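No value in this document is a laboratory result; all are computed from the given coordinates. Remember, predicted model here, so these are calculated numbers, not experimental data. Methodologically, a virtual Cβ is constructed for each residue, glycine included, from the backbone with ideal geometry; neighbour enumeration extends over all protein chains shown.
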């Protein structure tokens, strides 16, 4: 006979799931026992269920296949929520298997009971509780297919007395449908969009993750239109390298070249992006938007010509309708600005920067303690990381340094909580990436606030031999919050972190730890980290007052920053 739990795990193994992440618990004991007996699936026991959900989200994003996490009754399931919201907002197909109290106790406010169907209603595209074996294999198939087809979170809840129930003989093993048909925009919409683009003099592209698989078509489009290409952060992977049209990012992590590209165009073409920061988008332009999700079109900026369809198919159909441009004025101006900015940024990737004339004055303003500049750390990691490395980054300043100094060359991959914007995601997502391939280099850019929030799962890296390389930007601050306060004229408050020596913490749990305090030791520390075969934590004391200038700083922001710094000086106890 086959039990409910065995059927579920066999279905996952047949689909190609190789790992399940979670914390064991009584309601799901039949499921974990089924995993124990299934050679094709590895159980990865974490110390916090949020880590399990983040790891599964990362795996789903990297493979575009179903990934699985588990949380048992009540608190165990609740702990999954933040990581599952990351999966939801990243459109990652994740199945969450949750425990529940026995069926006869449901609805009685039993010990640890929560209503999972209500709890997960907002985060999921499918959420059901199995209460009868007659519902199988249907509910299992519906859960997996919903996650895969809707690219979201499916939650399947098993009461404590259900997982071990025997199923009728010859019950079919559930099968999941991973394939999705590609859609091409309609011919009339394509013709109207082409006419609008042809009528404009200068075109700028804003390209997102949804166009990463259409690299050839995107480059052809930029070449045909002589158009500068602003990339979203998630489009760095696959579209940044060897791209003569790219001018970096916009938003706080961007540079002035993106403003030149936006302000100078007549027509703005958005391809595969749901870039949310409206204040950085230009106004008064003719806007064309191509997206596979029609619900995304027009929700960030008014769109004149919507194109609903796959980016590759849509651009392939649009390109023959477009007139070639010879005027490269806007492209050359934006690229020149971008190249100059990148050259200036490279000054920071020099351990002697603060001792040279160009850095002496700035050091007095923002780095009197001569701490390691985060740009130096990020730039050296980029220089020595493998060309197929997987990068993750915590939300906040760690992402700023990654976006500016790490190039997604070769076959590098990038994962982060770039839609939810959660803290503490980099290390768990790195664990998930390493679980897919323990021979591939996985590097996490961790903030000290983010790492310490889920620091217990350093143990997971050690116990499951996941060779992650954790780079900690240890500035003793919640850095992005500090910056946000100062930009509106508030002195920083509540942002100071009293950190331990993270390298010694890592060593205490069996992980190799390296601590760097001198800029001249950064390169040796990075090389030692990358050369070590197992998990490593590199703790680098970085400058908390590093200045980050957005692509179009306002007078109000500058004035606010000045006022904040004055208040901080007056309030300083020293």
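Quick notes on this structure:
- Using 0.36 nm per residue and subtracting the Cα-Cα separation, the extra length available between residue 386 and residue 166 on full extension is 74.3 nm.
- Sorting 21, 401 from the fewest to the most surrounding beta carbons within 10 angstrom yields 401, 21.
- Between residue 532 and residue 493, the distance separating the two model label sites (each 7 Å from Cα on the Cα→Cβ line) works out to 4.0 nm.
- Relative exposure of 482, 169, 285, judged by other C-beta atoms within 10 Å (fewest first): 169, 285, 482
- Prolate is the label for the range 90-233, because the ratio a/c of its alpha-carbon gyration tensor axes (a ≥ b ≥ c) is 1.5 or higher and a/b is greater than b/c.
- For the range 349-571, the pair-distance distribution built from all alpha carbon pairs, in bins 5 Å wide starting at 0, is 1, 7, 15, 19, 20, 16, 11, 6, 3, 1, 0 percent.
- Per the Debye calculation on the range 363-468 with a single equal scatterer at every Cα and no solvent contribution, log₁₀ I(q)/I(0) for q = 0.13 Å⁻¹ amounts to -0.48.
- Over the residues of the chain, the helix contribution to mean residue ellipticity at 222 nm works out to -11000 deg cm²/dmol, using -39500 (n - 2.57) for each DSSP H run of at least 4.
- Against the set [x] 80, 60, 48; [y] 64, 53, 51; [z] 75, 66, 42, the structure's computed Cα extents along the principal axes in Å falls on [z].
- C-alpha center-to-center spacing [the range 502-519, the range 130-146] in angstrom: 46 Å
- Convex hull volume of the C-alpha atoms in the range 421-482, normalised per residue: 73 Å³.
- Remark: C-alpha extents of the range 187-332 on the principal axes read 37, 34, 30 Å, sorted largest to smallest.
- The range 411-486 and the range 19-38: distance between their alpha carbon centers, rounded to Å: 26 Å
- Overall form of the range 1-94 per C-alpha gyration tensor (a/c, 1.5; a/b vs b/c): oblate
- Gain in span if fully extended, residue 14 to residue 409, counting 0.36 nm per residue against the direct Cα distance: 138.8 nm
- With R₀ fixed at 51 Å, the C-beta to C-beta distance from residue 65 to residue 191 puts the FRET efficiency at about 0.90.
- A Förster distance of 35 Å, applied to the separation of the beta-carbon atoms of residue 213 and residue 263, puts the FRET efficiency at 0.70.
- Pair residue 347, residue 104: separation of 7 Å Cα→Cβ label points (nm): 7.6 nm
- Translational D in µm²/s for the range 245-402 (Stokes-Einstein at 10 °C, 1.306 mPa s, Kirkwood Rh from C-alpha pairs): 85 µm²/s
- Tensor-based shape of the range 2-167 (alpha-carbon gyration tensor, a/c under 1.5 rounded, otherwise prolate or oblate): rounded
- Separation in nanometres of the label points that stand 7 Å from Cα toward Cβ, at residue 113 and residue 24: 2.7 nm
- Full-extension gain in nm, residue 323 to residue 358, via 0.36 nm per residue minus C-alpha separation: 8.0 nm
- Distance between the range 228-247 and the range 303-330 - C-alpha centres, whole angstrom: 17 Å
- Those residues of the range 228-260 whose amide nitrogen sits under 16 Å from the label point placed on residue 277, 7 Å along Cα→Cβ: 230-236, 247-260
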